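Notes to accompany the following structure.
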Amino acid sequence: MAGDLIHHNGVDLQTSLEIRINDTDPTTLRRHQAIDFLIRNGSSLGSEYEKMVVGSPFRVTGSPKLQAMKLQARRFCTNYNQDEIVDASSMSPEKLFLEQRKRREELLHTIIGRIGEDAVIEPPFNFLYGCNISLGDKFYANVNLRIHDSGPVTIGDRVLIAPNVTIVTERHDKEIQSRRNGIVYTMPVSIGDDCWIGVGATILPGVSIGKGTVIGAGSLVTRDIPPFSVAWGVPARVIHDVDDPDAQISA
């Protein structure tokens, strides 16, 4: 895709490797990542959904498509979060538990944008769209995970998420009139492989958490966290490093 140009609202947006190397501003880089996400999913730029995913101003109230997608997601979450009524006397508790888990995994594949092998998300689980979420292999989330996926949310392999974690991609202007007009923007969130997100953590728009990182319980993550770190607090700050097991093996 090197050298490709996409025309959006009168502006040429280059999504080549060259511009991602030359642009060091994190916000610009993430905008191009979001554009690449949209291209990989087979969309051209223009609709309210497409504006939403790349971080351009959009309005849910002005888009029947977005409203329908959110309604579909709410119905999905209602179904996902309810245990299927079965005759418990016909199977052991262990088998019943595994059957419910299998049913939920199959449901996730019907709406999540990308999902790896052996993903487990304990109910209740809530999101806005589902299609903008990418989950790696052996992902595990405990109860009450909330993902506000108006923008892309990319989570790597073997990530563990504790109860009551919230991931947000939406933001609003400081200007009052913009909020009165219902304008919303998004910034993508990414979480690398082998991360552990502690109980009650909140991850804000535009944040990238490097691989192997631990986010302490109750943290508010407002900025990027480097790989192989432990970060905690409000706002979250790196307090020490963790070892890279792959580097130890190669050494």
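Checking every one of the GluC sites (Glu not before Pro) in segment 76-168 against DSSP loop status and a limit of 14 other Cβ atoms within 10 Å picks out GLU84, GLU117.
DSSP beta bridges confined to segment 45-241 are antiparallel in about 20 percent of cases.
What a 1.4 Å probe finds exposed on segment 45-241 is 54% carbon and sulfur by accessible area, rounded to a whole percent.
For segment 45-241, just say rounded, prolate or oblate: build the C-alpha gyration tensor, square-root its eigenvalues into a ≥ b ≥ c, call rounded for a/c under 1.5, and beyond that prolate if a/b exceeds b/c, oblate if not.
Details: a/c = 2.14, a/b = 1.20, b/c = 1.78.
Oblate is the answer for segment 45-241, as a/c is 1.5 or above yet b/c matches or exceeds a/b.
Ranking LEU108, ASN132, THR61 by how far each Cα lies toward the positive end of the dipole of segment 56-157 (charges on Cβ) leaves THR61 at the top.
Between amide H atoms placed 1.01 Å from N, distances below 5 Å from VAL214 occur with TRP196, SER229, VAL230, ALA231, all of them 5 or more places distant or on a separate chain. Taking amide hydrogens as placed 1.01 Å from N in the peptide plane, the amide H of PHE127 sits under 5 Å from those of ILE147, each at least 5 positions away in sequence or on another chain. Counting only Cβ charges, +1 for Lys and Arg and -1 for Asp and Glu, the dipole size of segment 45-241 around its Cα centre is about 780 debye.
Compute the separation of the alpha-carbon centres of segment 93-140 and segment 173-236 and state it in Å as a whole number. Cα centres, segment 93-140 to segment 173-236: 22 Å.
The values are calculated or read from the model by the stated rules, or taken from the named source; none is laboratory data. Because the structure is predicted, anything quoted here is derived from the model rather than measured. FYI the Cβ positions are ideal-geometry reconstructions off the backbone, even for glycines, and counts take in every protein chain you see. To get the accessible areas, we keep the full protein, side chains included, count just its heavy atoms, and leave off ligands, DNA and RNA. Shrake-Rupley method; radii C 1.70, N 1.55, O 1.52, S 1.80 Å.
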